[in-house]
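Some notes on the structure that comes next.
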Amino acid sequence: MKNLLNEQKILIAGAGGLLGAKIVKHALAQGAQVIAADINVDLMCEKLECQQVELNDANLSLVELDVTNEAEVKMFFAEKNGITGAVNSTYPRNKTYGAHFFDVSLQSFNENLALHLGSAFLFTQQCASYFKEHQAPFSLVNISSIYGVVAPKFEIYKNTPMTMPVEYAAIKSALLHLNKYAAAYVNDSKFRVNSVSPGGIFDHQPEAFLSAYRENTHGEGMLKVDELIGSILFLLSENSKFVTGQNIVVDDGFSL
């Protein structure tokens with residue numbers, strides 16, 4: 001069977017993250033040429049090696065990219081050729097991100113929206129601009145969240161120091177409409193922009209939270225990162241050729 005991403009050249013921003021490193025691994029396995037980009041190349045290399053990715057793979061390029069820097073992002077796209085798709089799995093935030101609702105200052109809220117939603121806008125805009133210049137098929141996948149789709153279930157955070165940040169909900173919900181806007185504005189079947197909205201991803205959270213979260217799913221609970229990859233690869237591939245402006249929710253029923 002033909003690999004999903006044969007003859008594709010995929011940019012993965014945030015390749016040093018929990019999700020990004022996995023996408024790199026699976027995209028390479030599906031035949032893609034991969035440009036792995038992150039603000040910290042050394043850390044990205046460590047994360048990729050942990051996924052058994054060969055850093056000297058001829059189909060892999062490692063680049064430094066700060067998605068919050070407009071000049072840097074524009075220069076990156078100006079210097080590249082042949083990109084057919086991109087995944088934005090970055091997660092920029094400030095030092096006060098994640099405070100409880102009443103403890104979030106307006107300045108911090110605005111700064112986090114600028115960092116995360118602002119960089120998602122910039123990345124999406126420049127992918128669209130790249131497409132307009134090169135006029136070759138291009139598929140962009142942004143990573144949203146179930147909390148961009150439904151209100152938080154705050155009861156699952158009881159008896160833990162955790163919360164669901166208000167900035168996160170605002171950003172991830174706005175991202176879904178940004179996708180629709182970009183797809184409608186470009187208005188070309190060859191340019192597609194979609195989202196995957198994961199449920200909670202397991203990252204060694206407190207057991208009280210994991211148990212409460214599991215009770216709100218159909219039994220699986222928190223997802224393993226690998227369980228999101230299929231939807232992302234589908235959206236990058238020709239199998240989703242006319243899917244655009246859409247959002248795939250992967251949450252084992254949490255949002256029902």
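Annotations
- Candidates in the stretch 190-214 are the residues that are in a loop (DSSP other than H, G, I, E, B) and without any contact (Cβ under 8 Å) to a residue 24 or more places away in the chain; of these, the one that is farthest from Ser173 (Cα to Cα) is His204.
- Inspection of the stretch 37-47 identifies at least one residue that is in a strand (DSSP E or B) and crowded, with 17+ Cβ neighbours inside 10 Å.
Residues checked against (1) farther than 30 Å from Lys241 by Cβ; (2) in contact with a Lys or Arg (Cβ under 6 Å, 6 or more places away or on another chain); (3) modelled with pLDDT of 95 or more:
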site: Asn88; (1), (2), (3): no, no, yes
site: Phe102; (1), (2), (3): yes, no, yes
site: Ser105; (1), (2), (3): yes, no, yes
site: Gly118; (1), (2), (3): yes, no, yes
site: Leu122; (1), (2), (3): no, no, yes
site: Cys127; (1), (2), (3): no, no, yes
site: Ser145; (1), (2), (3): no, yes, yes
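- Index of the failed condition, Glu111 passing every other in (1) out of contact with any strand residue (DSSP E or B) (no Cβ under 9 Å at 6 or more places or on another chain); (2) in a helix (DSSP H, G or I); (3) under 30 Å from His26 (Cα atoms); (4) of a type in the set (D, E, K, R): (3)
- Within the stretch 69-125, considering residues that are surrounded by fewer than 18 Cβ atoms within 10 Å (Cβ to Cβ) and touching a Leu at 6+ places or on another chain (Cβ under 7 Å), the one farthest from Pro152 (Cα to Cα): Glu72
- Some residue of the stretch 161-170 being charged (D, E, K, R), touching a Leu at 6+ places or on another chain (Cβ under 7 Å), surrounded by 15 or more Cβ atoms within 10 Å (Cβ to Cβ) and at pLDDT 95 or above: yes
- If the condition is being touching a residue at least 24 places away in the same chain (Cβ under 8 Å) and over 28 Å from Lys9 (Cα atoms), then the stretch 238-256 contributes Asp251, Asp252, Gly253, Phe254, Ser255.
- Residue count for the stretch 48-68, restricted to those that are surrounded by fewer than 16 Cβ atoms within 10 Å (Cβ to Cβ), part of a loop (DSSP other than H, G, I, E, B) and of a type in the set (A, V, I, L, M, F, W, C): 2.
- Candidate set: the stretch 133-152, residues that are within 22 Å of the chain's Cα centre (by Cα) and assigned to a loop (DSSP other than H, G, I, E, B); chosen: the one surrounded by the fewest Cβ atoms within 10 Å (Cβ to Cβ): Ala151
- Residues that are assigned to a helix (DSSP H, G or I) and either without any contact (Cβ under 8 Å) to a residue 40 or more places away in the chain or surrounded by fewer than 24 Cβ atoms within 10 Å (Cβ to Cβ) (or both) within the stretch 1-21 comprise Leu18, Leu19, Ala21, listed in sequence order.
The values are calculated or read from the model by the stated rules, or taken from the named source; none is laboratory data. Because the structure is a prediction, the values reported are computed rather than measured. In this analysis, Cβ positions are derived from the backbone assuming ideal geometry, glycine residues included, and neighbour counts consider all displayed protein chains.
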